[in-house]
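See below for the structure under consideration.
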Amino acid sequence: MSKPIVMYSQSYCPYCAAAIALLEQKNVAFEVIDLGKQPDKRDEMLTRSNGARTVPQIFIGDQHVGGFDDMNALDKQGKLDAMLA
């Protein structure tokens, strides 16, 4: 069974849109928590990400990946697919 993928996001965020597109390209299921619609989840994101305030914040299982640039770098290094498996 694959690890749950959670992304904290906001509308009108180009990096969030890029992260969603990359995850869709990988054909994996993921949950998007829109902080604009669920502002009560911001504290949860801050706790899980050790204080990172920018979006997106991406988690694969219990592992904090970071933002889109971090996830994209993992993909270019060939490490993302293994993490998603």
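The values are calculated or read from the model by the stated rules, or taken from the named source; none is laboratory data. Keep in mind that what you see is a predicted model, and the values were worked out from it rather than measured. In this analysis, Cβ positions are derived from the backbone assuming ideal geometry, glycine residues included, and neighbour counts consider all displayed protein chains. What goes into the accessible areas is simple: the full protein's heavy atoms, side chains included, and nothing from ligands, DNA or RNA. Shrake-Rupley method; radii C 1.70, N 1.55, O 1.52, S 1.80 Å.
Just a few scattered comments:
- In the range 10-36, the residues that are on the phi < 0 side of the Ramachandran plot reach residues that are open to solvent by 60 Å² or more (accessible area, probe 1.4 Å) and part of a helix (DSSP H, G or I) with C-beta atoms within less than 6 angstrom, at least six apart or across chains, in these pairs: Leu35/Arg42.
- The numbered conditions (1) at pLDDT 95 or above; (2) open to solvent by 40 Å² or more (accessible area, probe 1.4 Å) are all true for Tyr8 except (2).
- Considering the range 30-47, and only residues there that are open to solvent by 40 Å² or more (accessible area, probe 1.4 Å) and within 12 Å of the chain's Cα centre (by Cα), the residue that is nearest to Cys13 (Cα to Cα) turns out to be Val32.
- Matching residues, the range 59-85, being open to solvent by 70 Å² or more (accessible area, probe 1.4 Å) and farther than 17 Å from Ser49 by Cβ: Lys76, Gln77, Lys79, Asp81, Ala82, Ala85
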